[in-house]
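Enquirer: Handing you a structure now.
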Amino acid sequence: MVITAEGLSKTYRVADKQPGFVGTVQHFLRRRTRDVSAVQDVSFAIAPGEMVGFLGANGAGKTTTLKMLCGLIHPSAGRVSVAGHQPQRRHPDFLRRITLVMGQKQQLLWDLPPLDSLRVNAAVYGIPDGVASRRIRELADLLELGAELTRPVRKLSLGQRMKAELLAALLHEPQVLFLDEPTLGLDVNAQSRVRQFLADYNRRTGATVLLTSHYMADITALCPRVLLIHQGQLFHDGPLNRLVSRLAPERLVRLELEQPVPAEAFAGLGQLDSLETCAVNLRVAPDQLTTVVAQLLDRFDVRDLEISDPPVDQLIGALFHQGRL
Amino acid sequence: MRVFGLNGRIIRALLGSQYATMLEYRAEIALWALSGLLPFIMLSLWSGSAARADLGLDGAALDRYFLSAFLVRQFSVVWVVYAFEEDALLGRLSPYLLQPLHPLWRYVAAHLGEQLTRLPFAVAIAAAFFVIQPQAFWIPSIGDVLLAWAATWMAFAIAFLLQSLIAALCFWSEKASALERLLFIPFLFLSGLLAPLTAFPPATRHAVQWTPFPYLIDFPARLLAGESVNLAAGFGAQLAWVLLLLPVVLWLWRAGVRRYSAMGA
């Protein structure tokens, strides 16, 4: 396993201040803090070359976990091993094997073209000039970057900057990629290009990727396996479709009838989601599906019938939105 | 091979990129250079003062001292605490912590890049000074220049380490730069920027020798101005301060990184 986390926990101490003037005075005279448990007893293992999606609502503990995995913060409890190293020691050999891309936080020098930052990175990682030039060419081709590399970073669009950030983060060919919202704020085309690039990079180098994203399209396109963290605890570790059946165990039955039928007619045939003249949506438990479908076909004049899982975007979106399971 | 994490290629790449960055801000740096005119203001004050005789520097010597103080200050200005604080608060420190190079080297390179950008402005201001005060013109000996250059570098090293020590406190307090402002007051009075240390009573002068401040301006400025100084004592004290501060900074940094919660990252 290239990444192993066992009983990983992180507790932060945060200041607790009441709003208003009185709260400010109280906070000044007697500072109160409380412990916030960001990650609790999280365990998982990731094999070399895997692409794993890391899902969770805002504040669920995703970024804290990523920071512990790449050695930026020390765990409060538990053990973690990445590429054979304890990340928090930040051994140079470990740092050469990993990379972290955090949304729009950037490592590129703002006032200079990306090529200048890439030159610094090549020197810092000890990549010979010839090798660095070849990698820059290859990665730039994959990312569809050209003249942008010689333009000051501040003059680049968000999408161009993100792609240049990816190039800088991957120049040393890391074995493990931690990507925190790599497509945040990008338009649909740019998102799709970054996704395609990550899939190609994984295929080409066999790198392990742990990816967080609020865009389900990133996860469904790239990650056969997902980890779902909720309130600091690991809720799911496995294929995405199994997560869907955990979040919404019912199947969706969509009917189109020849004539309108009153709502009462569907009593005992699952849960009626919507009824608009001849279009009907029902949610049915999987073990009753065949019986219910047989009864529907028997009782009504059915023009069309479709059975599906509830859309994954909606399920996860609702989960993020509500912040609860 | 790397020494303290550096090799020739890294130094070239860091200095080249930081110098290029600073050139983008050359107008701002010119203004910063101009804002360092305090020694010239103090010169005009002392020149018209009856207390001038107590300074032990007569005629052109006083002019040269304050010009030298200006030049030493130009090449030993340190602002690492402000840059570091901003980087830590905005989460820009995180990518630097994940590279196999101590982040402080980036700040050192940024300072050196800035000094190189300041150079022409400092030379222009010195030239203007000689036009206004032609009696102060002198050409220091090569030996004095080299010694003053070395002493200015040591002054920069002490100032950088002092501020890095405060910067490392950002890991505990998010506004550690306030402490730097507290340090600026003794620096202003005890470094020789407002007056040569000979202006102080002997007891104060003796006590001040045990602080790092006189070695930041007074000692290198006197060297450049061609005044007689105790070389061994001056360089010895500078080296002692570097050797004292360096392990403290590194220890505090390591302890701070353990505490770091990647704020804003």
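Enquirer: Given the C-alpha atoms of chain B, compute the convex hull and give its volume per residue in Å³.
Expert: So the per-residue hull volume is 139 Å³.
Enquirer: Please give the average number of partner chain Cβ atoms lying within 10 Å of the Cβ of each residue in B:85-91, rounded to a whole number.
Expert: 1
Enquirer: Size of the dipole of the range A:39-101 about the Cα centre, Lys and Arg at +1 and Asp and Glu at -1 on the beta carbon, nothing else charged, in debye to 20?
Expert: The dipole magnitude comes to about 220 debye.
Enquirer: Follow-up question, since we're still on this one. Relative to the longest principal axis of chain A, what angle (0 to 90°, nearest 10) does the C-alpha long axis of helix A:158-170 take?
Expert: It is inclined by approximately 60 degrees.
Enquirer: Would you grab the residues whose amide H sits under 5 Å from the one on A:PHE235? Only those 5+ places off in sequence or on another chain, please, with H modelled 1.01 Å from N.
Expert: A:LEU228, A:ILE229, A:HIS230
Enquirer: Pick out, from A:ILE127, A:GLN233, A:LEU186, the residue whose Cα sits farthest towards the positive end of the charge dipole of the range A:3-245, with +1 on the Cβ of Lys and Arg and -1 on the Cβ of Asp and Glu.
Expert: A:GLN233
Enquirer: On to the next question. Using R₀ = 56 Å, calculate the FRET efficiency as 1/(1 + (r/R₀)^6) where r is the Cβ-Cβ separation of A:ASP304 and B:PHE4; round to 0.05.
Expert: Approximately 0.15, to the nearest 0.05.
Enquirer: May I ask you to evaluate 6.51 cos²θ - 1.76 cosθ + 1.60, the Karplus curve with θ = phi - 60°, for each residue of the range A:21-30 and list the ³J(HN,Hα) values in order in whole Hz, giving x for glycine and proline?
Expert: 5, 4, x, 5, 5, 4, 5, 5, 6, 9
Enquirer: In a shell of Cβ-Cβ distance under 13 Å around A:VAL194, excluding A:VAL194 itself, what net charge do Lys and Arg (+1) and Asp and Glu (-1) give?
Expert: Details: positive: A:ARG161, A:LYS163, A:ARG193, A:ARG195; negative: A:GLU144, A:GLU165, A:GLU181, A:ASP187, A:ASP200, A:ASP218.
Residues close to A:VAL194 contribute a combined charge of -2.
Enquirer: Using only the alpha-carbon atoms, how far is helix B:80-90 inclined from the longest principal axis of chain B? Give it as 0 to 90 degrees, nearest 10.
Expert: Roughly 30 degrees between the two axes.
Enquirer: Nearest 0.05, what FRET efficiency do A:VAL36 and B:ILE142 give at R0 = 51 Å with Cβ-Cβ as r?
Expert: About 0.25, to the nearest 0.05.
Enquirer: Then there's this: Fewest to most neighbouring Cβ within 10 Å: what's the order for A:LYS67, B:LYS175?
Expert: B:LYS175, A:LYS67
Enquirer: Then there is this: Roughly how many Å is it from the Cα centre of the range B:1-26 to that of the range B:42-85, as a whole number?
Expert: 30 Å
Enquirer: In debye, nearest 20, what is the charge dipole magnitude of the range A:250-308 about its Cα centre with +1 on Lys and Arg Cβ and -1 on Asp and Glu Cβ, if you could check?
Expert: 120 debye
Enquirer: Please report the net charge: other residues with Cβ closer than 15 Å to the Cβ of B:VAL208, K and R +1, D and E -1.
Expert: Counting the neighbours of B:VAL208, the net charge comes to +1.
Enquirer: If you don't mind, another one. Compute the helix-to-body angle for B:231-259: its Cα long axis versus the longest principal axis of chain B, expressed 0 to 90° and rounded to tens.
Expert: Approximately 20 degrees, to the nearest 10.
Enquirer: Quick one: Kirkwood hydrodynamic radius for chain A, alpha-carbon pairs, angstrom, one decimal?
Expert: So the Kirkwood estimate lands at 22.8 Å.
Enquirer: Please get the size of the charge dipole for chain A, origin at its Cα centre, with Cβ charges of +1 on Lys and Arg and -1 on Asp and Glu, quoted in debye to the nearest 20.
Expert: Charge dipole of chain A: 1940 debye, to the nearest 20.
Enquirer: Extending each Cα 7 Å along its Cβ direction at A:PHE21 and B:VAL242, get the distance between those two points in nm, one decimal.
Expert: Distance between the two pseudo-spin positions: 5.4 nm.
Enquirer: For the charge dipole of the range B:1-157, defined by +1 on Lys and Arg C-beta atoms and -1 on Asp and Glu C-beta atoms about the Cα centroid, which residue among B:TRP46, B:LEU23, B:TYR82 has the Cα displaced farthest towards the positive pole?
Expert: Among B:TRP46, B:LEU23, B:TYR82, the one farthest towards the positive end of the dipole of the range B:1-157 is B:LEU23.
Enquirer: Which net charge results for the neighbourhood of A:LYS155, defined as the other residues with beta-carbon distances under 14 angstrom from its beta-carbon, given Lys and Arg at +1 and Asp and Glu at -1?
Expert: Numbers: positive: A:ARG151, A:ARG154, A:ARG161; negative: A:ASP111, A:ASP116, A:GLU148, B:GLU24.
Net local charge, A:LYS155 excluded: -1.
Enquirer: Ok, one more. Just want the answer: with Cβ charges of +1 for Lys and Arg and -1 for Asp and Glu, which residue in B:PHE156, B:LEU179, A:LEU198 is farthest toward the dipole's positive end in the protein assembly as shown?
Expert: B:PHE156
Enquirer: So what is the calculated 222 nm ellipticity per residue for chain A, using -39500 (n - 2.57) for each DSSP H run with n of 4 or more, over all residues, to the nearest 500 deg cm²/dmol? Write down the numbers at each step before the final one.
Expert: On the way: 11 runs with 119 residues, N = 325.
Here the helix-only value at 222 nm equals -11000 deg cm²/dmol.
Enquirer: Whole-Hz ³J(HN,Hα) for each residue in the range B:110-120, computed from phi via Karplus 6.51 cos²θ - 1.76 cosθ + 1.60 with θ = phi - 60°, x for glycine and proline: what do you get?
Expert: Working through the residues one at a time gives 5, 5, 5, x, 5, 4, 5, 5, 5, 3, x Hz.
Enquirer: Further, regarding this structure: Testing the spin-label approximation: label points 7 Å from Cα along Cα→Cβ at B:ARG52 and A:ARG283. State their distance in nm.
Expert: A separation of 9.1 nm, rounded to one decimal place.
Enquirer: For the range A:13-18, just list the computed ³J(HN,Hα) in residue order, Karplus coefficients 6.51, -1.76 and 1.60, θ = phi - 60°, integers in Hz, with x standing in for Gly and Pro.
Expert: Result, ordered by residue: 9, 10, 6, 10, 10, 7 Hz.
Enquirer: Provide the percentage of antiparallel DSSP beta bridges, counting only those with both residues in the protein assembly as shown; round to the nearest 5.
Expert: Taking every DSSP beta bridge with both residues in the protein assembly as shown, the antiparallel ones total about 70 percent.
Enquirer: Please give, to one decimal in nm, the separation of the simple spin-label points placed at A:ALA77 and B:ALA20, each 7 Å out from Cα toward the Cβ.
Expert: 5.0 nm
Bear in mind these aren't lab numbers, they're just calculated from the coordinates by the rules spelled out. The model shown is predicted, which means the values in this text are computed figures rather than measured ones. We place every Cβ from the backbone using ideal geometry, glycine too, and count neighbours over all the protein chains shown.
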